[in-house]
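Heads up, the thing below is written out as structure tokens.
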Amino acid sequence: MQCLNRLFLLFCFGALFVTSVVAEEASPWLRVEVEVEFGEDFGQNLGTLFEVYDQEGNLLAGAGYVGAYNSYVRNDRERLHFFLKSNQPGQTVEPMPRANEMTGVYLSDLRGNLYARGRAAEDEHFYQWKPTENRWQVDEAKTEYDFHVADKVFHVGLKEITYDGETILDGTGQNIYFGEKYYAEGHLFLKTYGEPRTIESNTLLAIPWSPSQPDLKLDLQQAIRFPLRSDKEFVYSFGQLNGDVIAATNTGGVYRFRNGAWDVLLEPDMKTSFQIYAIMNYYDRLLMGQYPTGELYEYDGEEFVLHENWPPVLSGVSPSAREAQSLMIYGGDLYVGVWPWAEVWRYDQNQKDWFFVKRMFNHPELTDTIVHPYETETQEVADMYNLWGQRVTSLITMDDRLYISTSSKSGFAYQSIFGFLSGEQLLDYGRVYQLRQPGQLTFPTNWSPGPQKFTFEVKGQTMRLFKEGEQVASQELPEGFVTEQAPHHIEWGKGVFGKLTGKLIQQHSNFE
């Protein structure tokens, strides 16, 4: 009888031990629940939901929405990003099939789709990436960089603007053409011009408009106009911060729209080459990628500050004529693409340092005796000696990857006079690459007028993202990827994606 009692006790103790181990294994390393409401859609960049730090203040994880505009293209501002930081990212970079035969493409993302498009007149088609088929396919219906407002498609064509398929502004029969566009702060920012192009017709407009207004027509009579400084001036990049909207142009002009009026932050100097190619929200400021030094400016709402050596000059190349053309957040880190040697750099917030990721070409050999690749060979057959400089035109974070596109200076169609390029070398211009590392999930969300609930979880070797309780994305992590440092505290509504522009209704983490 005593033996039976001992066995019973041992069984009970064993059962309790197993239950305890299972419960311990079932406890997630990280679980964050957020209920957020973004309110009416005025084109706002949505910002950061949260960031998680260890006891020493190192960033461990975070979630939010990238607000970036890279040379003609605004990224999908409604794509939700969830990342885990790693000081050893374990990256792989693989080439993808070419989209077309041009020497350069630009990338854009719209909901779950990735597109590539050339800038050369010979082929301006949009090519949609088909991941299950490992190929690009022409999308004949897509003719411009569309975007969503209040979950409906906003389309700006050369002569017509539509919303949800209905025409809201028609320039047919008038000498008015529609150029660069950006919707923010309840205004459509639109560059308009006439043909032939004159300084009098080249204008930047801020047109009040909301998807909730009774009459959805755009009224040019209400537009707040800003005359551009030359007939050749156009907008390279837009951005927004604390209610301001910034427009930066190809001739070096930087203009601000604040409280319903335009003002000039920087007048263009037609004798000096200066352009801001990319603008992105980053913590409590905007970062701006520029030419001619390739370093980043930051703008806090009042002042511009140049971050010298952000990013550094690659060893072995000239420090002259550099441009930071593309910006992105991936894995919680800042990425920058730099001309003319197609460099990709990563800034690690924890280490407060820059790391060289990759040069996107393996030819020609690096040198500081010339400024641009193939400069000597090009000037022997063409007037413009930097035609074969190497751009990183786009950085797009989708799914678990960072997509990187390349280009010559203008992405033109190849001409036989440039026989110094081999067939394989030529194919590198206009190629798209995918960079992958563990610890990154994205999901294309839709705007909603009411609350939305998201859950972010790291449990065992799996990270998962839930929307309204349903799992929408997951990733198996390599053994040992999850840091041994335990989450210590969480910051709500601020971080690498910028300040949250919505309202947190409920928030909870498993460690506070």
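The values are calculated or read from the model by the stated rules, or taken from the named source; none is laboratory data. Since the structure is predicted, the reported quantities are computational estimates derived from the model, not experimental observations. Don't worry about glycine lacking a Cβ; one is built from the backbone with ideal geometry, like all the others, and counts go over all protein chains shown. Heads up: the accessible areas ignore ligands, DNA and RNA and are worked out on the full protein's heavy atoms, side chains in. Shrake-Rupley method; radii C 1.70, N 1.55, O 1.52, S 1.80 Å.
The relative contact order of the chain, computed from alpha carbon pairs under 8 Å that lie at least 6 residues apart in sequence, is 23 percent. Note on K191: aspartates and glutamates with a C-alpha under 12 Å away, same-chain residues under 8 apart excluded, are E180, D231, E233. Extent along the principal axes, Cα only, for the stretch 201-280: 47, 29, 18 Å, with the longest axis given first. Taking amide H as placed 1.01 Å from N in the peptide plane, T167 has no amide H partner under 5 Å among residues 5 or more places away or on another chain. Cross-link check: pairs K467/K494; K130/K453; K453/K503; K159/K181 evaluated at a Cα-Cα cut-off of 19 Å; pairs beyond the cut-off: K467/K494; K130/K453.
Given +1 at the Cβ of Lys and Arg, -1 at the Cβ of Asp and Glu and no other charges, the dipole of the chain around its Cα centre is 400 debye to the nearest 20.
Per-residue 3J(HN,Hα) values for the stretch 244-257, derived from phi via the Karplus relation 6.51 cos²θ - 1.76 cosθ + 1.60 with θ = phi - 60°, read 8, 10, 10, 10, 10, 10, 5, 9, x, x, 10, 10, 10, 10 Hz in sequence order (x marks Gly and Pro). Once both axes come from the Cα atoms, what is the angle between helix 2-26 and the longest principal axis of the chain, in degrees from 0 to 90, rounded to 10? For 2-26 against the chain, the angle is about 10 degrees. Excluding same-chain neighbours fewer than eight residues apart, the lysines reachable from K459 by a Cα-Cα span under 16 Å are K85. Based on Cα contacts under 8 Å between residues 6+ apart, the stretch 398-512 shows a relative contact order of 20 percent.
Label-to-label distance for D170 and F304 is 4.2 nm, based on points extended 7 Å past Cα in the beta-carbon direction. Taking amide H positions as modeled 1.01 Å from N, with prolines and chain starts lacking one, the residues under 5 Å from Y330 and 5 or more places away or on another chain are Y335. In order along the stretch 474-484, phi translates into HN-Hα couplings of 8, 8, 7, 9, x, 4, x, 5, 5, 4, 6 Hz, rounded to whole numbers, per the Karplus curve 6.51 cos²θ - 1.76 cosθ + 1.60 with θ = phi - 60° and x for Gly and Pro.
Tell me the per residue accessible area of the chain using a 1.4 Å probe; a whole number in Å² is fine.
Using a 1.4 Å probe on heavy atoms only, each residue of the chain averages 43 Å².
Once backbone amide H atoms are built at 1.01 Å from N, E185 has Q44 as its partners under 5 Å, excluding neighbours fewer than 5 places away on the same chain.
Measuring how big the stretch 43-91 is from its alpha-carbon positions, Rg and Dmax come out at 13.4, 41 Å. Relative contact order of the stretch 76-142: 23 percent, from C-alpha pairs under 8 Å at least 6 residues apart in sequence.
The HN-Hα couplings worked out from phi for the stretch 497-509 by the Karplus form 6.51 cos²θ - 1.76 cosθ + 1.60 (θ = phi - 60°) are 8, x, 6, 4, 9, x, 10, 7, 8, 9, 8, 8, 10 Hz, whole numbers, x standing for Gly and Pro.
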